[in-house]
Amino acid sequence: MIDPRFVFLAALVSLTGAYGYISDTLRGTTSPNRVTWSLWALEGILGFVVELQQHVGMVSVTTLMLGLVPCVVVAASFRNPHSVWKIGPFDGFCGVISLLGLVFWGVVHQPTVALISFVAADQVAALPTLRKSWLAPTTESPRVFFMGVLNCGITLLTLKQLTTAGALFPGCVLVTDLIIGVLVVARVGPRVRRGRSSTPVGRAA
C-alpha cells in the first residue's frame, strides 16, 4: 500500500492524458464515441456523489476525474464537426443497456449487487469505443487510455485492503482502458482483417 495522497498524482496523470485527447478532438484527429463518453461522464459523476455520501475518503478523487474528463471530451466533440463518430444501432443498444444498469443500480438495496450493476453498466458503455478501436483505431488517441491505466493502478495501490467495494470499479476500468489502448496502438483490428484477406482461398479439386 502507498500513501492515500497519491490519488492526487493519479488525478494529475488523468488530466495529462485528457489534455492530449481533448486537443486531438478539437483538431479533428480523434473522434470520440459520444455514447461511451457521455455515459462515462454520467457514471463518474454519480459514483463520485455516492462516494461523498459514504465518506470513502480520497479515493473519490479518482472517481471524480472519471466523470469530469468525459464531460470535457463530449463538449470538445461538439466544437469540431470533424470530431463526430456516427452512432449506429450497436452504440444505441449498448447505451440503453448501460442506462438500464444504472437504473437498477439506483433502485436495488443490496450494496454488492448494486456495485456489480454499476460496474456492468460502465463496461457496457465502453463497448462502442472498444468496437471502434478494433474497426478504426486511427480515430482514437491511446494516451488517455494508458494514463487511465496508470491512474487506476495508483488508486488500487492506495487501498489499505483490496475489497470488492474499493477495487472492483477501478480494477475494471484499468483492464478496459488497457485493452482499448493496445487495440489502438497495435492496430489489431486492421492487422487481423489484412491477414484474413491475404489468406489464399483453396480451390475445389
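Where a number appears in this text, it was derived from the coordinates with a stated rule and is not lab data. From a predicted model like this one, the values you see are computed outputs, not experimental measurements. All Cβ positions, glycine included, derive from the backbone under ideal geometry; neighbour counts span all protein chains shown.
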FRET E, pair Met58, Val185, Förster distance 35 Å, beta-carbon r, rounded to 0.05
0.65
Could you give each residue of region 74-87 its phi-based ³J(HN,Hα) in whole Hz, using Karplus coefficients 6.51, -1.76, 1.60 with θ = phi - 60°, and x for Gly or Pro?
4, 4, 5, 5, 8, 7, 10, x, 7, 9, 10, 9, 4, 8
Filtering trypsin sites (Lys or Arg not before Pro) in region 1-78 by DSSP loop and by at most 12 other Cβ atoms within 10 Å leaves Arg5
Label-to-label distance, nm, for residues given as Ala75 and Val192 (7 Å Cα→Cβ offset)
3.6
If you compute Rg and Dmax of the Cα atoms in Å for the structure shown, which of (i) 18.2, 72; (ii) 25.5, 86; (iii) 15.7, 43 do you land on?
(i)
Each residue of region 99-114 in order: what ³J(HN,Hα) in whole Hz does its phi give by Karplus 6.51 cos²θ - 1.76 cosθ + 1.60, θ = phi - 60°, with x for Gly and Pro?
5, 5, x, 5, 4, 4, 4, x, 9, 6, 10, 9, x, 5, 5, 4
Give a quick list of trypsin sites (Lys or Arg not before Pro) in region 61-164 that DSSP marks as loop, anything other than H, G, I, E or B, with at most 10 other Cβ atoms within 10 Å.
Lys86, Lys160
With charges set only on the Cβ (+1 for Lys and Arg, -1 for Asp and Glu), what does the dipole of region 6-197 come to about its Cα centre, in debye to the nearest 20?
800
May I ask you to derive the relative contact order of region 6-197, considering only C-alpha pairs under 8 Å and at least 6 residues apart, and to give it as an integer percent?
28
14 Å cut-off, amide nitrogen to a point 7 angstrom out along Leu100 Cα→Cβ, residues in region 122-139
124-125
How big is the gap, in Å, between the Cα center of region 106-137 and the Cα center of region 1-76?
15
Give me the net charge of Gly67's neighbourhood, meaning all other residues with Cβ under 14 Å from the Cβ of Gly67; Lys, Arg count +1, Asp, Glu -1.
-3
Residue span Phe6 to Cys172: 0.36 nm per residue of separation minus Cα-Cα distance leaves a gain in nm of 57.8 nm
With the charge dipole of the chain built from beta-carbon charges (+1 for Lys and Arg, -1 for Asp and Glu) about the Cα centre, the Cα from Ala75, Thr138, His55 projecting farthest to the positive end belongs to Thr138
Compute the helix-to-body angle for 6-27: its Cα long axis versus the longest principal axis of the chain, expressed 0 to 90° and rounded to tens.
40
Report, in degrees rounded to the nearest 10, the 0 to 90 angle that the Cα long axis of helix 34-54 makes with the longest principal axis of the chain.
10
What 222 nm value per residue comes from the helices of the chain, counting each DSSP H run with n ≥ 4 as -39,500 (n - 2.57) and dividing by all residues, nearest 500 deg cm²/dmol?
-26000 deg cm²/dmol
